[in-house]
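Below you'll find the structure, written out as structure tokens, and then a few comments.
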Amino acid sequence: MAERLELDRTLLKPGMRLAVGVSGGADSVALLRTLVEAAGEIGLVLQVAHMHHGIRGADADADAEFVAGLAAELGLTFHRRDVDAVKESRERRETLEEGARRLRYGWFRELLEAGVADAVATGHTLDDQAETVLHRLLRGAWTEGLSGIYPVLEERRGVIVRPFLGVRREEIEAWLSHTGHSWREDATNSDMSYTRNRLRHELLPALGTFNPQIRGQLANLATLARDEEAYWQRELTRILPQLLLPGRPVRGGGRAASTDPGEAVLSLEVERLPESAAVRRRILRAAAKELGISLNFEQTERLLAMCGPGGSRRQTLTATLRAERSTRELRLVKRNGSPCDLRE
């Protein structure tokens, strides 16, 4: 048994005012206690942040009391935010998991924006990473989705960091038990109506019979995908300005934006697109993203076919995006829509 759990110290800087998101569960409790042990050595100023999601009644109340008591025991400032995740999720037509996460991260960003903290730390583990990658894979993710949970999220003011992303959940629970530190068990973690729980308790153990290192392999895949994605984003930043054309061409030369205020148009000269299908896919998806639309595989392939000889002249890709092909150009025409963020 290791004397201490391994932190990714590259994410932590001397003098950093760090708010630790603590739910009361094993991962976040272990993260807080490990950070407390390392705070003097690194030079951290710690605080505790707990969100009461209004979901689990008396159990959630007990979680909040437990975390408040832990913060008091450690002599740390305690921040609490109460929300009604059920109501908020219903109003926005999200799953409860999505709504709770949106509210939680919204509050973390408020703490950063208000200057309460320079950074927020969450207790995501290697197991969380594996579950996220597998979940995204099953849903048909692209490389950015397979990037999984990012070690660092850069916010407008401050950062959100995951110092435990290389640590297994079983290591954490063993360490807490060995050191005599208690934590709270969330009964919903065994509720099989949640997809993540089915992945955790059913699918990953089954995959483990084929490869006992499956969690580590999925986490490695996330690292590879993040690095690939970072490379491609740099490349797209370099080449897209040379390829994207605003609006439509007009007789006599030049280009004109749409006269419809609810419509936006981007065009690409097909002859200038690289031959590689891999690069073309990236460019086409990035062009759609410029208009706030995230394309799936099937939609991207339809666009790719339009760039070749004999492709269709017009395609409706989504409720808000259509594509038009002229002799020289491929045009994307959008009405309304909003961008999405795949980062965890």
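The values are calculated or read from the model by the stated rules, or taken from the named source; none is laboratory data. None of the values given here were measured: they were computed from a predicted structure. Please note: Cβ atoms are built from the backbone with ideal geometry, for glycine as well, and neighbour counts cover all protein chains shown.
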Exercise for the section: From the list Glu98, Glu65, pick out the single residue that is at pLDDT below 95 and in a helix (DSSP H, G or I). Expected result: Glu98
Fill in the blank from the handout: Checked against (1) in a helix (DSSP H, G or I); (2) over 30 Å from Leu165 (Cα atoms); (3) touching a helix residue (DSSP H, G or I) at 6+ places or on another chain (Cβ under 9 Å); (4) aliphatic (A, V, I, L, M), Ala305 satisfies every condition except (3)
Handout entry: Identity of the residue in region 116-135, of a type in the set (A, V, I, L, M, F, W, C) and assigned to a loop (DSSP other than H, G, I, E, B), that ends up surrounded by the most Cβ atoms within 10 Å (Cβ to Cβ)
Key = Ala117
Problem - Unique match (being of a type in the set (Lys, Arg) and either over 28 Å from Glu97 (Cβ atoms) or touching a helix residue (DSSP H, G or I) at 6+ places or on another chain (Cβ under 7 Å) (or both)) among Arg198, Arg215, Arg226 - result: Arg215
Exercise for the section: Inspect all residues belonging to region 16-31 and state whether any of them is among the aliphatic types (A, V, I, L, M), part of a loop (DSSP other than H, G, I, E, B) and farther than 26 Å from Thr195 by Cα. Expected result: yes
Fill in the blank from the handout: With the first residue restricted to region 136-150 and required to be exposed (fewer than 14 other Cβ atoms within 10 Å of the Cβ), and the second required to be of a type outside the set (Asp, Glu) and assigned to a loop (DSSP other than H, G, I, E, B), Cβ contacts under 7 Å at 6 or more apart or on different chains are Gly140/Asn296
Completion exercise
Those residues of region 241-255 which are assigned to a strand (DSSP E or B) and surrounded by fewer than 12 Cβ atoms within 10 Å (Cβ to Cβ) amount to none
Completion exercise
The residue from Arg238, Arg302, Arg234, Arg313 that alone is exposed (fewer than 12 other Cβ atoms within 10 Å of the Cβ), touching a strand residue (DSSP E or B) at 6+ places or on another chain (Cβ under 8 Å) and either at pLDDT 90 or above or under 30 Å from Glu171 (Cβ atoms) (or both) is Arg313
Practice task
Please name all residue pairs, on different chains or six or more residues apart, with Cβ atoms under 7 Å, provided the first residue is in region 231-247 and is over 12 Å from Glu290 (Cα atoms) and the second residue is of a type in the set (Gly, Ala, Ser) and outside any helix (DSSP H, G or I).
Solution key: Gly247/Ala256; Gly247/Ala257; Gly247/Ser258
Practice task
Please state which one of Ala323, Ala287 is of a type outside the set (D, E, K, R), touching a strand residue (DSSP E or B) at 6+ places or on another chain (Cβ under 7 Å), in a helix (DSSP H, G or I) and surrounded by 12 or more Cβ atoms within 10 Å (Cβ to Cβ).
Solution key: Ala287
Practice task
Please tell me if Arg215 is in contact with a Ser or Thr (Cβ under 6 Å, 6 or more places away or on another chain) and either of a type in the set (Asp, Glu) or modelled with pLDDT of 95 or more (or both).
Solution key: no
Practice task
Check off (1) modelled with pLDDT under 95; (2) surrounded by 15 or more Cβ atoms within 10 Å (Cβ to Cβ); (3) not charged (D, E, K, R) for Ala187 and give me the number that stays unchecked.
Solution key: (2)
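Mind telling me which of the residues Arg104, Arg90 ends up being part of a helix (DSSP H, G or I) and either over 23 Å from Asp191 (Cβ atoms) or without any contact (Cβ under 8 Å) to a residue 12 or more places away in the chain (or both)?
Within the list Arg104, Arg90, the selection yields Arg90.
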Handout entry: Meets criteria (surrounded by 20 or more Cβ atoms within 10 Å (Cβ to Cβ) and over 14 Å from the mean Cα position of the chain (by Cα)) for Gly180
Key = no
